[in-house]
2 protein chains.
Amino acid sequence: MNLLQNFNKAFESKARLGIMSVLMVNDEVSFNMLKELLSLTDGNLATHLRALEEASYISFKKEFIGRKPSTVYSVTDEGKQAFNEHLNELEKFIKGS
Amino acid sequence: MNLLQNFNKAFESKARLGIMSVLMVNDEVSFNMLKELLSLTDGNLATHLRALEEASYISFKKEFIGRKPSTVYSVTDEGKQAFNEHLNELEKFIKGS
C-alpha cells in the first residue's frame, strides 16, 4: 500500500496545486490573474505564494503595466521537477487505491 | 485547464488521504493501527478522524480487545463514493497538468 512517502507537503492544498498547475503552463502569471483564476483572497494567495517562493519552487519579479505596479510569478526548474515528482506520487497513490 | 472544481477539501491533506486509503482497503482499523501506519501523533490523528466523521465519511465503534478499550474506524458508503470522486478529480487534474 502506497502511503505517500514522497508526498510533497509544499503542494498539500488545493490552492497550492492550483497555483502550480497555472504556473506550469504559463511563462509568467500576475498576482491578480492568479487571484481571479483560483478565486482566492489576496491574503490567502499571498501566503501560498510566499511559501512556494521560500521553497524555491517559484520566483517573482516586479514590473509596471502602464503606470500600475504588477508582480508576476514563474515556476522555477526546481519547482517544475518537484511538482512533477509530486504528481507522479499522487498518480501511484491513486492507482494503488 | 482543470482547476480542481470537484476537489474535496475533506481529503486535502496527506494525513486525510492516508487515513482514507487505509480504511478503503480494510473493513475496520483501530486508532493505534492508523497511528502506526501513518506515523501521526494522537492529537493530529484524532483531529483528522473527527473531521472525516463529521463529514459522515467514516464511522467508529468502541470495543474491548481483552480488557483494553479500543476504537475502530470504518469508511462509510458515502465516504467510499466521495473519496473515489476525489481520486477521479485528482487523476483528471494530473492528466491535465
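The values are calculated or read from the model by the stated rules, or taken from the named source; none is laboratory data. Predicted, not measured: the structure shown is a model, and the values here were computed from it. Note that each Cβ is placed from the backbone with ideal geometry, even for glycine, and that neighbours are counted across all protein chains shown. Accessible surface is based on the protein model in full, side chains and every heavy atom, while ligands, DNA and RNA are left aside. Shrake-Rupley method; radii C 1.70, N 1.55, O 1.52, S 1.80 Å.
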Selection count, segment A:1-42, where residues are free of Cβ contacts under 8 Å to residues at least 60 places away in the same chain, farther than 27 Å from A:Pro69 by Cβ and either assigned to a helix (DSSP H, G or I) or in contact with a strand residue (DSSP E or B) (Cβ under 8 Å, 6 or more places away or on another chain) (or both): 3
Of everything in segment B:81-97, what is within 11 Å of another protein chain (Cβ to nearest Cβ), part of a helix (DSSP H, G or I) and either within 17 Å of the chain's Cα centre (by Cα) or of a type in the set (S, T, N, Q) (or both)? Give them in sequence order. B:Phe83, B:Asn84, B:His86, B:Leu87, B:Asn88, B:Glu89, B:Leu90
Please go through segment A:45-82 and pick out each residue that is more than 19 Å from A:Asn8 (Cα to Cα) and loosely packed, with under 10 Cβ neighbours inside 10 Å. A:Lys62, A:Phe64, A:Gly66, A:Arg67, A:Lys68, A:Pro69
Only listed residue being closer than 25 Å to B:Leu87 by Cα, open to solvent by 80 Å² or more (accessible area, probe 1.4 Å) and among the hydroxyl-bearing types (Ser, Thr, Tyr), chosen from A:Ser21, A:Ser39: A:Ser39
Of all residues being more than 14 Å from chain A (Cβ to nearest Cβ) and touching a residue at least 24 places away in the same chain (Cβ under 8 Å) in segment B:66-80, which is farthest from A:Lys95 (Cα to Cα)? Just the residue, please. B:Ser70
